[in-house]
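The values are calculated or read from the model by the stated rules, or taken from the named source; none is laboratory data. The model shown is predicted, which means the values in this text are computed figures rather than measured ones. Counting neighbours? That spans all protein chains shown, and the Cβs are built from the backbone with ideal geometry, glycine included. Side chains included, ligands, DNA and RNA excluded: accessible areas come from the protein's heavy atoms. Shrake-Rupley method; radii C 1.70, N 1.55, O 1.52, S 1.80 Å.
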Amino acid sequence: MTAAIRAQSIEDLRRAARRRLPRAIFDFFDGGAEDELTLAANRAAYAQVRLAPRALVNVAEVSTHAEVAGGPATMPLAVAPTGAVGYGRPGGDIAIARAAAAAGVPYTLSTSATASIEQIASAAPGRLWFQAYILRNRELLDALIARARAADYEALMITVDLPVGGKRERDARNHLSFPFRYTARNLLDFASRPAWAVAVLRHGLPVMENLKGLEAPAASATRLASSVGRSYDPSFDWDRLRAIRDAWPRKLIVKGILRPDDAERLAALGCDAVVVSNHGGRQLDGAAATLAALPAVVRAVGGRVPVLVDGGVRRGADLLKARALGAQAALVGRATLWGAVAGGEPGAARALAILRDELQRTMQLCGVCEVAGIGPDLLFREPPPQTVL
């Protein structure tokens, strides 16, 4: 935990988590689909954006506070839905949710979390969003949405980029499969990380609490994860989404959009926010980087709904870049996951503190005092080449 608290960057937290986890578990969280082109492109897109700071601005006092999806936040950030966190550290979901509440940013609970809708609502009162995967079992899906409403979740987030699961080759190479099978390779892998192994033995295999009943008997996370993989509904379409919009009385956020025409249609449908996302590079390899897709989506919705973005955020400067390109806020998933895996709730809190501190410093260095003042003029544009006559 000391390494997490002393971390100076999200990459430090990632390295600390890697030291604690067996390779198979680390790769499950860290990896992407197939050749991982989209996974790499998400990060590279931020690296390619250059800033043009304003000079001679009084930045003695800077506020990172922002509006995010119709509510207040201490920075333009929300925690993205992250599944199976309990594989990394028991109680990891609650740790991240509590850290988000303490930091004053929204937290999104994944359908495949290892804490229930009700457990999170009780343990971490704050701005809570529930992310729903579209399951073939419509009764269970309807029940999950009803439970989120009863637990007073502020928003429902529908993920639409997962009609089928992606091909994650790291998992196959590491013999990480669902239902779980013990092999000589993964047993040696697990034994190499005794602190992690002892925690699993003490607490038992995690349970995906929200998916109990998906398949009977649903006793462990491994069996449930397998059930979810077989249970996505590839027939989900605009009519089904409209029915959810009509039935859900609170904020509806749709995640998994890369195309401007889809975003425009969602705005017309009455969604309250859209998330430009490629599922962190974990589904369709070769999909566009989210930061590259963002500006066209922002133009398409024309200010009718907030546009959020996820994928590749590792620095506070990334939050400023996303905002300058038109996003109201960014979602982070792996950053807080690495923090929680490395150091529990203090580690997750450290991840958020790092991002906020970096954002504030970047704003000062760019000559901007408020998040509302972050705009496209802070982006460096190469001048057009001069024509020599």
(Q) Less than 14 Å Cβ to Cβ from VAL198, Lys/Arg counted +1 and Asp/Glu -1: what total charge do the surrounding residues give? (A) +4
**Q.** Surface/4 of the Cα convex hull for segment 1-54, nm²
**A.** 5.5 nm²
Q) Classify segment 241-353: rounded, prolate or oblate, from the alpha-carbon gyration tensor (a ≥ b ≥ c, eigenvalue square roots; a/c under 1.5 rounded; otherwise prolate if a/b is larger than b/c)? A) prolate
**Q.** Estimated D of segment 272-327 in µm² per second, where Rh is the Kirkwood radius over Cα pairs and Stokes-Einstein applies at 37 °C, 0.692 mPa s
**A.** 283 µm²/s
Q | Relative contact order computed over the chain (Cα-Cα under 8 Å; 6+ residues apart), in percent | A | 29 percent
Q) For segment 113-177, what D do you get in µm² per second when you plug the Kirkwood radius from alpha-carbon pairs into Stokes-Einstein at 37 °C and 0.692 mPa s? A) 238 µm²/s
Q. Taking amide H positions as placed 1.01 Å from N in the peptide plane, with prolines and chain starts having none, which residues 5 or more places from LEU379, or on another chain, fall under 5 Å of its amide H?
A. ALA52
(Q) Tell me the per residue accessible area of segment 319-389 using a 1.4 Å probe; a whole number in Å² is fine. (A) 42 Å²
Q) Once the piece of chain linking LEU379 and VAL164 is laid out straight, how much longer is it, given 0.36 nm per residue of separation minus the C-alpha distance between them? A) 73.7 nm
(Q) Please compute the length gained on full extension between ALA150 and ARG304, using 0.36 nm multiplied by the number of residues separating them and subtracting their Cα-Cα distance. (A) 52.6 nm
**Q.** Inter-site label distance for ALA60 and ASP246 at 7 Å from Cα along Cβ, in nm
**A.** 5.9 nm
Q. Non-local amide H neighbours of LEU77 (under 5 Å, H modeled in plane, Pro and chain starts lacking H): which ones?
A. ALA330
Q | Residues of type lysines that LYS167 reaches as a straight line, Cα spacing below 21 Å, ignoring anything fewer than 8 places off in the same chain | A | LYS255
Q: Please express the Cα-Cα pair-distance distribution P(r) of segment 19-81 as a list of whole percents, one per 5 Å bin, running from 0 to the bin with the greatest distance.
A: 4, 11, 10, 13, 18, 17, 12, 9, 5, 2, 0
Q | By average C-beta atoms within 10 angstrom, highest first, the peptides 255-261, 170-176, 77-83, 321-327 | A | 77-83, 321-327, 255-261, 170-176
Q.
Can you say what percent of the DSSP beta bridges in the chain, counting only those with both residues inside, are antiparallel? Round to 5.
A. 15 percent
**Q.** Under 28 Å from LYS251, Cα to Cα: lysines that are on another chain or at least 8 residues apart
**A.** LYS212, LYS321
Q | Summed side-chain charge close to VAL105 - residues other than VAL105 whose Cβ falls under 11 Å, Lys, Arg +1, Asp, Glu -1 | A | +2
Q. Which value results when the Cα radius of gyration for segment 1-144 is divided by 2.2 N^0.38 Å?
A. 1.25
Q. How big is the Kirkwood radius of the chain, worked out from every pair of different alpha carbons and given in Å to one decimal?
A. 21.3 Å
Q.
Can you compute the FRET efficiency between ALA195 and ALA143 using 1/(1 + (r/R0)^6), with r the Cβ-Cβ distance and R0 = 30 Å? Round to the nearest 0.05.
A. 0.20
Q: Could you state how much accessible area THR159 has, in square angstrom rounded to the nearest 10, with a 1.4 Å probe and all protein chains kept in place?
A: 10 Å²
(Q) Using Cα springs under 10 Å in a Gaussian network model of the chain, which residue among ALA60, ALA132, ALA267 shows the largest mean-square fluctuation? (A) ALA60
